[in-house]
Amino acid sequence: MRQTFVNSPIAYALGMFAMMIPSQAFSAFYSYYYVEKLGLGIGLATLARTVYLIWDAANQPLAGYWSDRTRTRFGRRKPWIWFSIPFFMLTFCMIFSVPQGLSGHGLFLWFLVALVLFEGVATIIWVNYGALFPELFRGERLRAKASAIQQGFQIAAILIGSAVTPLLFAWMGFGYMSLVYAVLFAVCMLLCMASVREDEQIRQEPALPLKEAFRATLQNREFWIFNIANSFAQTVNGLVSSMIPFYAKYVLQIPESQVSILLASVFVSVIPLVTVWYWIVRKLGGVRSWRLSLAAYGLSVIPLWFGSSLASGIAAGILVGFGLAGFLVTPPVLSSRIIDRDYERTGQRREGVYTAVGGFITRSSGLISALAFWIVGMTFGYVSGDNPGPDPAGTFRVLISVVPACLLVISFLLSLTIMRNGESGRGSGSGRHNHLQGGGPVR
């Protein structure tokens, strides 16, 4: 492995690329596959997501704690990721390989088991991968650069997971599509892990006991508000991507073959806009840029209400791309700051615990999204693809525009309650104790 590639932002971003292709294909098309194609009722689909979140409430914080306590010559995070790669491949394929003839409660049971297994393995990888970021990249400027590169790779992966997926399952079916993505995931994640070198000094530090490890995290007000605000915004990410196939069918009334074009309008536009948001972060700092991204994202989803054709849908999708790009770039910068400050207070780096607890809060967006789908669907009479009700167009206009706008208003208002005195001390250092936006509580 070339030394210039080791611990570089590009090498690290390969892990995001690896994870996001199957993750985006799952989040964008699991509802469409199970509800629209296989006929699973949205009530049962919502119940499955609720059961998963109860499971996730236990496994995600524990995954972070166990990761922080791991001490091996290979590092703290890498062994967990190496071990999880084949299980991630297997469970992802299970999601999209439903045996023929399953329906009703049998289909629900398959979905529930596959979902719990898939998201359980994904939790281990996401927690350990995310915990590497603040350790590998120190200082706000380097983190902003690494985040921008990472999000560029993420958007490329989202584009593949969103726009290429319909082409693949139309050509080869959902099962073979999942196999292609599983293999691509393994190749990219193995390359990423081969390039990562963890800090040996951190490995020598004693681990905190369970109670002490979680106490500071649970008592940190800014940490909670920041992640709750992000959970509402993250819900919008999931809603917009997962509702686009329905939006295309019922609102824009375009054929399934053109869904990829609509999805590409959102995600292709994000790639160059990531650079714009990197520049904004350098000028305004992390917190103000984060607030601006939430406001921009909220305004950008409104035009989706007025879409009536492929052309108007593409135009609205490009506008969504600007707000989405900002929300993708800004949170990692602030997330790393809170971990740095915790290290100053405790003398312990607990990236795993903070990443896991923050991830659990933001991943509650899956339940919010599922509940929104169920409530709006029941209000408008949409049950499934076999029984879309009297006004499916109204159902998906609300789900892709009104609900996201309301969630982002809540997220923006929450963001105003922390770091109200602004940011000071922005700089460009990269040392272990260098906090570029020092002064006052983080986030």
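The values are calculated or read from the model by the stated rules, or taken from the named source; none is laboratory data. What you see is a predicted model; the values in this text were computed from it and never measured. Note that each Cβ is placed from the backbone with ideal geometry, even for glycine, and that neighbours are counted across all protein chains shown. When the accessible area is computed, the model is the full protein with side chains, heavy atoms only, and any ligands, DNA or RNA have been set aside. Shrake-Rupley method; radii C 1.70, N 1.55, O 1.52, S 1.80 Å.
Quick notes on this one:
- Note on the chain: GNM, Cα springs under 10 Å; of Leu14, Leu328, Leu136, the largest mean-square fluctuation is that of Leu136.
- Computed magnitude of the charge dipole of segment 264-378 (debye, nearest 20; Cβ of K, R +1, Cβ of D, E -1): 300 debye
- Segment 60-185: C-alpha gyration tensor shape, a/c 1.5 cut-off, then a/b vs b/c: oblate
- Cα principal axis extents for segment 276-412, largest first, Å: 60, 30, 20
- Taking Cα atoms only, the orientation of helix 351-363 departs from the longest principal axis of the chain by about 20 degrees.
- Using only the C-alpha atoms, the convex hull of segment 213-252 corresponds to 62 Å³ per residue.
- Whole-Å distance, taken between Cα centres, linking segment 135-167 and segment 281-310: 18 Å
- Here each label is just a point 7 Å from Cα along the line to Cβ, and for Leu102 and Val183 those points are 2.3 nm apart.
- Cα-based shape type of segment 224-330, given that a ≥ b ≥ c are square roots of the gyration tensor eigenvalues and the cut on a/c is 1.5: prolate
- Whole-Hz Karplus values for segment 170-182 come out as 6, 8, 10, x, 5, x, 5, 4, 5, 5, 4, 5, 5 Hz, taken residue by residue from phi with 6.51 cos²θ - 1.76 cosθ + 1.60 and θ = phi - 60°; glycine and proline positions read x.
- For segment 54-190, the Cβ-based charge dipole about the Cα centre amounts to some 660 debye (Lys, Arg positive; Asp, Glu negative; other atoms uncharged).
- Contact order normalised by residue count of the chain, Cα under 8 Å, 6+ apart, percent: 27 percent
- Hydrodynamic radius of the chain by the Kirkwood approach over all distinct alpha-carbon pairs: 22.0 Å.
- Cβ-derived FRET efficiency at R0 45 Å, Gln219 paired with Ile254, nearest 0.05: 0.35
- Theoretical ellipticity at 222 nm over the chain - DSSP helices of four or more residues, -39500 (n - 2.57) apiece, nearest 500: -24500 deg cm²/dmol
- Sorting Met193, Met20, Met89, Met378 on solvent-accessible area from highest to lowest, probe radius 1.4 Å, gives Met378, Met89, Met20, Met193.
- Where the alpha-carbon atoms of segment 1-92 are placed on the principal axes, they occupy 51, 28, 20 Å, in descending order.
- Subtracting the Cα-Cα distance of Phe83 and Leu284 from their residue separation scaled by 0.36 nm leaves 68.3 nm.
- Ranked packing of 301-311, 263-273, most packed first, by mean Cβ within 10 Å: 263-273, 301-311
- Using Cβ point charges alone (K and R +1, D and E -1), the dipole size of segment 38-122 about the Cα centre works out to roughly 520 debye.
- Heavy-atom accessible surface of the chain: percent carbon and sulfur, 1.4 Å: 68 percent
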